[in-house]
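The values are calculated or read from the model by the stated rules, or taken from the named source; none is laboratory data. As the structure is a prediction and not an experimental result, all values here were calculated from the model. For neighbour counting, all protein chains shown are included, and Cβ atoms are generated from backbone atoms with ideal geometry for every residue, glycine included. Calculation scope for accessible area: heavy atoms of the full protein, side chains included, ligands and nucleic acids excluded. Shrake-Rupley method; radii C 1.70, N 1.55, O 1.52, S 1.80 Å.
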Amino acid sequence: MNPPVDSLPKAMHQGDFRMRMPSLWQVLLAASLLNAADLAAEDLRPPTLKGTYSDVCVHPESGDLLGTELSFTRSGDVTYVLMQGYEGEAVPPELLTVTYRGAQMYVTAEGGGDVLAMELKGTALYVRWLGRRLGSSGSERDVLHHGVAVWAGGEPAYCGARGKSSASG
């Protein structure tokens with residue numbers, strides 16, 4: 001049973017609901033604008049690193065291996081990195097973790113602080129060594145390229161043959 005028209009507010013019995021309730025189209029438009037804003041927002045999270053990045057090369061005169069490899073793997077919410085250095089031959093590897101602070105990535109030793117800061121640009125990983133460590137180039141900064149780790153069968157190029165080349169396979 002419908003209530004008498006005289007008992008309804010004037011706007012309701014005239015069929016004018018626009019002032020009281022948004023139309024379905026207005027709701028859909030508002031929802032799509034919010035969704036579009038979410039999609040357009042820049043994703044400031046750092047990328048999840050996978051595989052190996054390396055600047056290992058073979059010294060053309062001595063045949064020594066020189067450089068650093070960082071091999072990344074993920075377990076649950078933690079990204080681990082196996083850092084393998086080469087100073088003529090392989091030095092003992094270090095198992096470290098990747099930590100994220102905002103958009104910046106760091107390789108961190110358990111109880112030892114940050115070892116290096118990283119930034120991924122395309123297939124190159126730019127690293128800045130921290131805590132008085134120097135990279136294989138003898139400087140605080142190195143560029144490592146995605147490739148196959150020497151310990152996994154990758155064959156590095158000769159040092160100086162395209163700059164410091166990465167392991168490839």
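Tabulated results
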{"item": "Identity of the residue in the stretch 69-98, aromatic (F, W, Y) and free of Cβ contacts under 8 Å to residues at least 40 places away in the same chain, that ends up nearest to V150 (Cα to Cα)", "result": "F72"}
{"item": "Of all residues making up the stretch 97-115, the number that are under 18 Å from R74 (Cβ atoms) and over 16 Å from the mean Cα position of the chain (by Cα)", "result": "1"}
{"item": "Selection status of D55, under 22 Å from G131 (Cα atoms), touching a Phe, Trp or Tyr at 6+ places or on another chain (Cβ under 6 Å) and acidic (D, E)", "result": "no"}
{"item": "Flag if V91 is crowded, with 17+ Cβ neighbours inside 10 Å and of a type in the set (A, V, I, L, M, F, W, C)", "result": "no"}
{"item": "Single condition Y106 does not satisfy, out of (1) open to solvent by 50 Å² or more (accessible area, probe 1.4 Å); (2) in contact with a Phe, Trp or Tyr (Cβ under 8 Å, 6 or more places away or on another chain)", "result": "(1)"}
{"item": "Residue that is modelled with pLDDT under 90 and either more than 24 Å from G154 (Cα to Cα) or β-branched (V, I, T) (or both), where the choices are A117, A37", "result": "A37"}
{"item": "Residue count for the stretch 72-88, restricted to those that are buried (at least 19 other Cβ atoms within 10 Å of the Cβ) and touching a Lys or Arg at 6+ places or on another chain (Cβ under 7 Å)", "result": "0"}
{"item": "Within the stretch 52-71, tally of residues that are open to solvent by less than 20 Å² (accessible area, probe 1.4 Å) and not aromatic (F, W, Y)", "result": "10"}
{"item": "Residue that is surrounded by the most Cβ atoms within 10 Å (Cβ to Cβ) [pool: residues in the stretch 116-148 that are more than 25 Å from V58 (Cβ to Cβ) and over 16 Å from the mean Cα position of the chain (by Cα)]", "result": "L130"}
